[in-house]
Amino acid sequence: MKKYFPVFIILTLFSFQACKPKQNIVYMSNNNFEQEVSQAKYLGLHIQEGDQLKILVSAFDEIAVRPFNLSTMSKTGTPGEQASGSNTGITPSEYIVNSDGSILFPVLGSIYCKGMTKKQLQEDLESRLKRYLTDPLVTITLSNFNFSVLGEVKSPGQKTSTTEKLNVFQALALAGDATYDANKTNVKLIRYSEENHKDTVISLDLSEASIVNSPYYYLQQNDILYVEPDRNKQVMVNTDSATDKWIKYGGVGLGLLTLILTLTRK
């Protein structure tokens with residue numbers, strides 16, 4: 001028995017290692033995140049660089065309004081028609097927010113809108129258009145509301161929502177919902193902060209009903225959701241790794257044991 005004691009110790013260590021969760025499988029697992037909690041209120045999306053905004057201007061005088069819509073401005077022959085050149089590759093009436101945070105609007109010129117809500121931009125445009133139109137009405141929609149879902153979901157990847165008012169549960173639904181191995185108590189939301197000019201990470205506990213009160217309950221465009229695996233999944237992955245070690249080193253150990261037995265018999 002004494003001859004096989006070292007082998008027993010090695011096998012015991014492997015078994016202990018297999019029961020430990022694999023720590024490095026979880027993104028940002030060594031950080032503590034503080035979550036600001038307040039009454040959730042949907043304030044609308046904040047316009048970001050690269051957004052595609054569909055903007056339509058309407059008024060009582062249909063002819064007078066033509067120069068202010070990309071789809072009809074060419075019929076007027078106004079100087080503002082040159083603005084459409086900055087929106088090549090997108091459908092008529094869509095504007096891309098430039099790297100400087102502005103759009104080039106017919107007649108009005110450059111309009112800074114980065115960080116605004118759609119409501120704020122609507123009011124700003126209507127105020128400017130009153131110089132040219134009677135009772136102008138501006139309608140704005142976002143054409144490319146993209147976000148990403150990673151980790152323990154059935155269909156990870158970048159997603160596009162047809163609705164702009166999207167909460168975390170709707171986002172997970174578009175990714176096929178969380179898997180059985182998901183840790184719903186610590187879902188990471190990664191969002192770029194215009195104020196700090198860097199990504200911020202917020203931890204959301206989806207097992208709590210109070211999640212609906214979180215200011216992060218509704219997503220912004222380009223948000224990233226990461227659903228980490230639970231402890232059992234981490235242990236299972238580490239166990240699979242330990243099994244590979246058993247196969248690798250077990251063969252070596254078995255060979256050594258056979259060699260020892262052969263030598264002791266002589």
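Just a few scattered comments:
- Compared with the alpha-carbon gap, the fully stretched path from Ser148 to Phe169 is longer by 6.2 nm at 0.36 nm per residue.
- Net charge over other residues, Cβ less than 12 angstrom from the Cβ of Lys54 (K, R count +1; D, E count -1): -2
- Chain lengthening between Ser102 and Phe60 when straightened (0.36 nm per residue, less Cα-Cα): 12.3 nm
- Restricting the range 131-160 to trypsin sites (Lys or Arg not before Pro) that sit in a DSSP loop and have at most 11 other Cβ atoms within 10 Å of their own Cβ leaves Arg131.
- Sparse-neighbourhood loop sites, chymotrypsin sites (Phe, Trp or Tyr not before Pro) in the range 136-201 - DSSP loop, at most 16 other Cβ within 10 angstrom: Tyr180
- Cleavage-rule hits, GluC sites (Glu not before Pro), the range 133-236, DSSP coil, Cβ neighbours within 10 Å at most 14: Glu194, Glu195, Glu208
- The listed residues Asp223, Asp100 rank as Asp100, Asp223 when sorted by accessible area, largest first, using a 1.4 Å probe.
The values are calculated or read from the model by the stated rules, or taken from the named source; none is laboratory data. Everything quoted here is computed from the prediction, not taken from an experiment. Neighbour counts are summed over all protein chains in view; Cβ atoms, including those assigned to glycine, are modelled from backbone coordinates with ideal geometry. Accessible surface is based on the protein model in full, side chains and every heavy atom, while ligands, DNA and RNA are left aside. Shrake-Rupley method; radii C 1.70, N 1.55, O 1.52, S 1.80 Å.
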